[in-house]
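**Q** Below is a structure I'd like to ask you about.
The values are calculated or read from the model by the stated rules, or taken from the named source; none is laboratory data. Values in this document were obtained by computation on a predicted structure and should not be read as measured data. FYI the Cβ positions are ideal-geometry reconstructions off the backbone, even for glycines, and counts take in every protein chain you see.
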Amino acid sequence: MEIKIVKTDCPKEKPDSSTLGFGKIFTDHMFIMDYSREQGWHDARIVPFGYISLHPASTVLHYGSEIFEGLKAYRRADGKVQLFRPIENVRRMNNSAERLCLPQIDEKDAMQILETFVSVEQDWTPSAEGTSLYLRPFMFGNDESLGVHAVHNATYMIIASPVGSYYKEGINPVKIMIEDEDVRAVRGGTGYAKCGGNYAASNRAGERAEQKGYSQVLWLDGVERRYIEEVGAMNVMFKIGGEIVTPKLTGSILPGITRKSCIEVLKGEGYTVNERLLSVDELGEALKNGTLEEAWGCGTAAVVSPIGELCYKGVKYTINNGEIGKVTQHLYDTLTGIQWGKIEDKYGWTYPIK
């Protein structure tokens, strides 16, 4: 694939690592590629970062024809930059595209695009402890018509943002409220796709939880309101009586890359990991009898986020005395160690940028 590169005439000053938040500062360039049914994907280009123009009838604005991904570039101690399992993001994005009737991108082309874009912007990858360059590939339909149909025209873009350490003051377990009114997704819907509508629909419950002093919500399934699904915008795992349990992928749960990595690390070290249905009743019983030893969310931004308290229907339960558990800490240390090149990558997950 030919990618045209137009460098900016006005490069921005790199920010101090101490000022980095999440997704507030953007790099000098962005990637854009167009799609039409007649031409397929074409006009791949890296151009100076800036605003984009959309027709007021653009499909994405009216019918939510949009998907996205999130991954990071990491600065190793030797100064080189690497990605973590990027092919998994490429494949998940194609699965999301299929669900939303958006065009898919050839895997080799998608990897070439990622590598070229990160190579152009790699000087923006910070080196301070815990920092990284967050990459946001996204795709949207832009047919200039109000008709409801599969997308005929689309745009694929990547933007990047240097981000700070997720845990500036150490990993502190969070308080989570089990949501029993709103649902995140249903089987047969878009739960397994990474599309904006899933996140917009989750905000109401998240706001209610925050008003009650909780960091996020633990979602139940959308049919029986009985089975555990995700925690906030992350997958969730539990250590119950020595067994690691995580909700199985039934179509309403996003197949997380961090989730997949956690499972592979744990199985490789001899842990019993079961991907199965886990009811809120079973979880409640484990909370009451003390067999729930640890709980954590897992995702790109935090890697792992320990859960120290769960609240269900007004009843509060403390997990592991409100402290991070040994398995949770081990997973965090292992995955971040691989991501930043601090420990050997025996899984072949890292992808160095030339």
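**Q** Quick one: would you say Glu69 is acidic (Asp, Glu), within 20 Å of the chain's Cα centre (by Cα) and at pLDDT 95 or above?
**A** Details: acidic (Asp, Glu): yes; within 20 Å of the chain's Cα centre (by Cα): yes; at pLDDT 95 or above: yes.
Spelling it out, Glu69 is indeed acidic (Asp, Glu), within 20 Å of the chain's Cα centre (by Cα) and at pLDDT 95 or above.
**Q** Also, quick follow-up: Whether any residue in region 52-66 is of a type in the set (A, V, I, L, M) and assigned to a strand (DSSP E or B) is what I want to check. Before the answer, list the steps.
**A** Of all residues in region 52-66, those of a type in the set (A, V, I, L, M) come to 52, 54, 57, 60-61.
Those left that are additionally assigned to a strand (DSSP E or B): none.
Checked against the condition, which is being of a type in the set (A, V, I, L, M) and assigned to a strand (DSSP E or B), region 52-66 yields no hits at all.
**Q** Collect the residues in region 215-231 that are under 20 Å from Gly325 (Cα atoms) and either assigned to a loop (DSSP other than H, G, I, E, B) or outside the structural domain of Val273 (by TED's automatic domain parsing) (or both), keeping them in residue-number order.
**A** Residue satisfying the conditions is Ser215 alone.
**Q** Considering only region 213-252, state which residues are within 11 Å of Arg184 (Cβ to Cβ) and out of contact with any helix residue (DSSP H, G or I) (no Cβ under 9 Å at 6 or more places or on another chain).
**A** Asp221, Gly222, Glu229, Glu230, Val231, Ser252
**Q** Right, next: For residues in region 261-302 being in contact with a Gly (Cβ under 8 Å, 6 or more places away or on another chain) and polar (S, T, N, Q), which is surrounded by the fewest Cβ atoms within 10 Å (Cβ to Cβ)?
**A** Selected residue: Thr272.
**Q** Further, regarding this structure: Give me a count of the residues in region 67-88 that are surrounded by fewer than 23 Cβ atoms within 10 Å (Cβ to Cβ) and in a helix (DSSP H, G or I).
**A** Counting residues in region 67-88 that are surrounded by fewer than 23 Cβ atoms within 10 Å (Cβ to Cβ) and in a helix (DSSP H, G or I) gives 2.
**Q** Mind listing just one residue for me: the one in region 184-212 that is of a type in the set (A, V, I, L, M, F, W, C) and touching a helix residue (DSSP H, G or I) at 6+ places or on another chain (Cβ under 9 Å) and, of those, farthest from Leu102 (Cα to Cα)? Break it down stepwise before answering.
**A** Filtering region 184-212 down to residues of a type in the set (A, V, I, L, M, F, W, C) leaves 185-186, 193, 195, 200-201, 205, 209.
Imposing the further condition that a residue be touching a helix residue (DSSP H, G or I) at 6+ places or on another chain (Cβ under 9 Å) reduces the set to 185, 193, 195.
Values: Ala185: 20, Ala193: 12, Cys195: 11 Å.
So, considering only residues that are of a type in the set (A, V, I, L, M, F, W, C) and touching a helix residue (DSSP H, G or I) at 6+ places or on another chain (Cβ under 9 Å), the one farthest from Leu102 (Cα to Cα) is Ala185.
**Q** Return the residue satisfying two criteria in turn: it lies in region 1-51 and is aromatic (Phe, Trp, Tyr) and in a strand (DSSP E or B), and of such residues it is farthest from Glu144 (Cα to Cα).
**A** Going residue by residue through region 1-51, those that are aromatic (Phe, Trp, Tyr) are 22, 26, 31, 35, 41, 49, 51.
From what is left, the residues that are in a strand (DSSP E or B) are 31, 35, 41.
Numbers: Phe31: 22, Tyr35: 13, Trp41: 18 Å.
Checking each candidate, the answer is Phe31.
**Q** If you don't mind, there's one more thing I want to ask. May I ask you to list the residues in region 98-152 that are touching a strand residue (DSSP E or B) at 6+ places or on another chain (Cβ under 6 Å), assigned to a helix (DSSP H, G or I) and acidic (Asp, Glu)?
**A** Matches in region 98-152: Glu121 only.
**Q** In region 7-17, what residues are out of contact with any Pro (no Cβ under 7 Å at 6 or more places or on another chain) and in contact (Cβ under 8 Å) with a residue 40 or more places away in the chain? If you could, list the steps in order and put the result at the bottom.
**A** We begin by selecting, within region 7-17, every residue out of contact with any Pro (no Cβ under 7 Å at 6 or more places or on another chain); these are 7, 9-14, 16.
Within region 7-17, Lys7, Lys14 meet the criteria.
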